[in-house]
Structures are given as C-alpha cells and as structure tokens.
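**Q** Structure in structure tokens, see below.
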Amino acid sequence: MLMGNHMIPVINSREQFELWDKEAPYALHVDTGMERLGVTIDEIEKWMGEDLRPELLITHFARADEPGHDFSKQQLQRFHSVADKLNVAVSISNSAGIVLHEIDEDVARAGIALYGASPSTKVADALRPVTRLEGEVLQVRHAGANVPVGYGGTFTTSGDGLWLATIGVGYADGLPRLLSNAGRVWINGHFYPVVGRVGMDLVHVGLSEGAAQPGVQVGDYAEFIGAHIAVDEVAR
C-alpha cells in the first residue's frame, strides 16, 4: 500500500527493518535522546556492516524550545556520528528547531507551527495564528440572583442576576474542560468569561449582570481560538 501510493515509511525498529523490502525507499529514525521512537545509536552502529541505505535519516529534538541547551548539542553530535558515515539526507528540526535554531539539514518537520502556534515563549509573536474555533450563540437568557449554572452548579450568579449566552461548542469539539470557569470568548468586539462547566457540545458564557439587555444575540458567533484568543492561551 505504501509503495503503491508513493509513500516512504519511517523505520523505528529492527523488526520493522526486517519486514521492509530493502530495495524500496525508506527513512530511518534514530533516537538521540527522546527515549520515544527510533533506533538507538548502538543499534545503528551494529547495522553499519549490513546493507543499510535509507533515503532519509531523522531524529527529534527533546529540548529545542530551550535555545543553547547542551542536550540539543549532544543530540546533534550523536546524530551526526551516524549520519556522516551513511552520507544521506537528514531531517532534524521540529517547530522549535525551525524557529530557534540554524540547523544544516535537508528536511524540516513542522508540527504545532503549522497551526500558527508558537513552539516557545521566547518567540511568542513569530508566527501568525491560522487556527480558528468558533461557536454559534444558540440562546441568550437572563438567570436570576444566586442561581447555579450548568453541570454540578460550579458557578452561581450574583445578587443582580446574570445574562447568559449558550454557545454550541463543547469538549466533543476539542474545547478543553479545563476552561470551565476559567476560559474566555470574544463576541462582537468584547471578551466574556466562560461560566460553569464546559459540556459535551454546549458552554455557558456570562454576558452582563443586572437587567440591561446585553449586546449579544442568537446567531452571533463566539471566538474560542482565533485572532483575539491564541491557541497558546487555550493550551495553558
């Protein structure tokens, strides 16, 4: 299936290597310090006498978001101890590596940067956000004084009552439940707090206290992630 679709697998173990057709192209992943996927340096050294001909040799930084860290330098040294002997194309950088390091490589592998999210607090404004999560306001209602809101009653209105917007977004859409009583949304030029627990497909937003009608109505859209609320903020 891979070859039929012009795809090249990344080999992560000796077992995978033995299963693959050595005449077909493949990439080889070397673990230089993540302790996650990949073949160890010692294993690669043992293979050197065999017919080892990857088209691409890759590794993955563990601390690329910490510029100048010695561990990244150690990973590069370990990687090149193998790569220089094989004389193949190499791929090293993840998003933080691309933004914070100058690496001599043939292929870089962006991850979170593809969404416009910063891979490090040191370059918070380096990328333009391109991810957006919005939800439609399904209902606007006034809750009376000292009324519990949502599952578990984790939020209670004040003595003046509170206008609430119910929005059609929830954790089933990827909205973290950690935003319960902690997140915020952007509607019609203003920020409003998330009140109560984030439900599966609905969430409450507190609009304004008292009896005055708020400037939000059914059919408006609330931004949870976008131009005004960065994905980094939501991830925290």
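**Q** Given points 7 Å out from each Cα along the Cα-Cβ axis, report the D70 to L52 separation in nanometres with one decimal.
**A** In this crude spin-label approximation the distance works out to 2.7 nm.
**Q** Next question. From the phi of every residue in region 110-117, what ³J(HN,Hα) in whole Hz does the Karplus formula 6.51 cos²θ - 1.76 cosθ + 1.60 yield, where θ is phi - 60° and glycine or proline is x?
**A** So the Karplus estimates, Gly and Pro as x, are 6, x, 4, 5, 4, 9, x, 8 Hz.
**Q** I'd like the FRET efficiency for D42 and N146, computed as 1/(1 + (r/R0)^6) with the beta carbon distance as r and R0 of 45 Å, rounded to 0.05.
**A** 0.10
**Q** Neighbouring Cβ atoms within 10 Å as the yardstick, rank H228, H101 fewest first. Intermediate values should be presented prior to the final figure.
**A** On the way: H228 15, H101 18.
Fewest to most other Cβ atoms nearby, the residues stand as H228, H101.
**Q** Looking only at region 107-123, which residues have a backbone nitrogen under 15 Å from a spot 7 Å from the Cα of I8 in the C-beta direction?
**A** 107-109
**Q** So in the chain, what percent of DSSP beta bridges are antiparallel if you round to the nearest 5?
**A** Antiparallel bridges make up about 70 percent of those DSSP assigns within the chain.
**Q** Could I ask something else about it? Grab the other residues whose beta carbon is less than 12 angstrom from that of L76, score K and R as +1, D and E as -1, and report the net.
**A** On the way: positive: R63, K73, R78; negative: D70, D84, E102, D104, E105.
Counting the neighbours of L76, the net charge comes to -2.
**Q** Say we join alpha carbon atoms closer than 10 Å with springs in a Gaussian network model of the chain; which of A110, A126, A172 then has the biggest fluctuation?
**A** For the chain, modelled as a Gaussian network with Cα springs under 10 Å, the answer is A172.
**Q** Please compute the Cα-Cα pair-distance distribution of region 133-235 with 5 Å bins starting at 0, giving whole percents from short to long.
**A** Using 5 Å bins, I get a P(r) of 3, 14, 26, 27, 19, 9, 2, 0 for region 133-235.
**Q** Find out how many positive minus negative residues lie around L100, taking Lys and Arg as positive, Asp and Glu as negative, among other residues whose Cβ is under 11 Å from that of L100.
**A** Details: positive: R63, K122; negative: D65, E66, E102.
Spelling it out: positives minus negatives among the neighbours equals -1.
**Q** Would you mind ranking L133, L28 so that the residue whose beta carbon has the fewest other beta carbons within 10 Å leads the list? Mind dumping the intermediate values first?
**A** Working: L133 17, L28 26.
In order of increasing Cβ crowding within 10 Å: L133, L28.
**Q** May I pose another question? On a 0 to 90 degree scale, rounded to 10, what angle separates helix 70-86 from the longest Cα axis of the chain?
**A** 40 degrees
**Q** Just want the ordering: T59, T121, from fewest to most Cβ atoms lying within 10 Å of their own Cβ. Present the calculation step by step, with values, prior to reporting the outcome.
**A** Numbers: T59 25, T121 8.
Ranked by crowding around the Cβ, least crowded first: T121, T59.
**Q** In addition: Between the alpha-carbon centers of region 176-212 and region 97-142, tell me the distance in whole angstrom.
**A** With region 176-212 and region 97-142 each reduced to a Cα centre, they are spaced 23 Å.
Read-outs throughout are calculated quantities, based only on the coordinates presented, and are distinct from any laboratory measurement. Computed from a predicted structure; not experimentally measured. In this analysis, Cβ positions are derived from the backbone assuming ideal geometry, glycine residues included, and neighbour counts consider all displayed protein chains.
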